[in-house]
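Engineer: Sharing a structure here in structure tokens format.
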């Protein structure tokens, strides 16, 4: 398999999605609440330049399961 930037991004997105799914599945377990506590990272650049106006919202919700999924995806990418 050829390693390139697209493959890395694909692995990371799949790892993030798997981590989020695992986090949602573990949410009802009270003993594992530390894995499912979510932190929001929000970046909202906007400008009004009289000719063009833009407003972009980038919001990332991370929990420990999603970070573990990202790390596992990166590890798998390195092994392939």
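The values are calculated or read from the model by the stated rules, or taken from the named source; none is laboratory data. Everything numeric here is computed off the predicted structure, so don't read it as measured data. Cβ sites come from the backbone with ideal geometry, for glycine too, and all protein chains shown count toward neighbours.
Engineer: Could you tell me whether any residue of the stretch 49-56 is under 30 Å from residue 78 (Cα atoms) and surrounded by fewer than 10 Cβ atoms within 10 Å (Cβ to Cβ)?
Structural biologist: No, there is no match, as no residue in the stretch 49-56 is under 30 Å from residue 78 (Cα atoms) and surrounded by fewer than 10 Cβ atoms within 10 Å (Cβ to Cβ).
Engineer: Going by the conditions given, is residue 57 at pLDDT 90 or above and farther than 22 Å from residue 3 by Cα?
Structural biologist: Considered against the rule, which asks whether it is at pLDDT 90 or above and farther than 22 Å from residue 3 by Cα, residue 57 comes out as yes.
Residue-wise test of (1) modelled with pLDDT of 90 or more; (2) closer than 13 Å to residue 65 by Cα.
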{"residue": "11", "(1), (2)": "yes, no"}
{"residue": "18", "(1), (2)": "yes, yes"}
{"residue": "25", "(1), (2)": "yes, yes"}
{"residue": "35", "(1), (2)": "no, yes"}
{"residue": "42", "(1), (2)": "yes, no"}
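Engineer: Still on this structure, please answer the following. Using the structure shown, decide if residue 21 is surrounded by 11 or more Cβ atoms within 10 Å (Cβ to Cβ) and touching a strand residue (DSSP E or B) at 6+ places or on another chain (Cβ under 9 Å).
Structural biologist: The answer is no for residue 21.
Engineer: With the condition being touching a residue at least 40 places away in the same chain (Cβ under 8 Å) and in contact with a helix residue (DSSP H, G or I) (Cβ under 6 Å, 6 or more places away or on another chain), I'd like the helices (runs of 4 or more DSSP H) fully within the chain carrying at least 1 qualifying residues.
Structural biologist: It comes to 5-26, 64-79.
Engineer: Which members of the stretch 57-73 meet the condition of being within 12 Å of residue 20 (Cβ to Cβ) and loosely packed, with under 14 Cβ neighbours inside 10 Å?
Structural biologist: Matches in the stretch 57-73: 60, 61.
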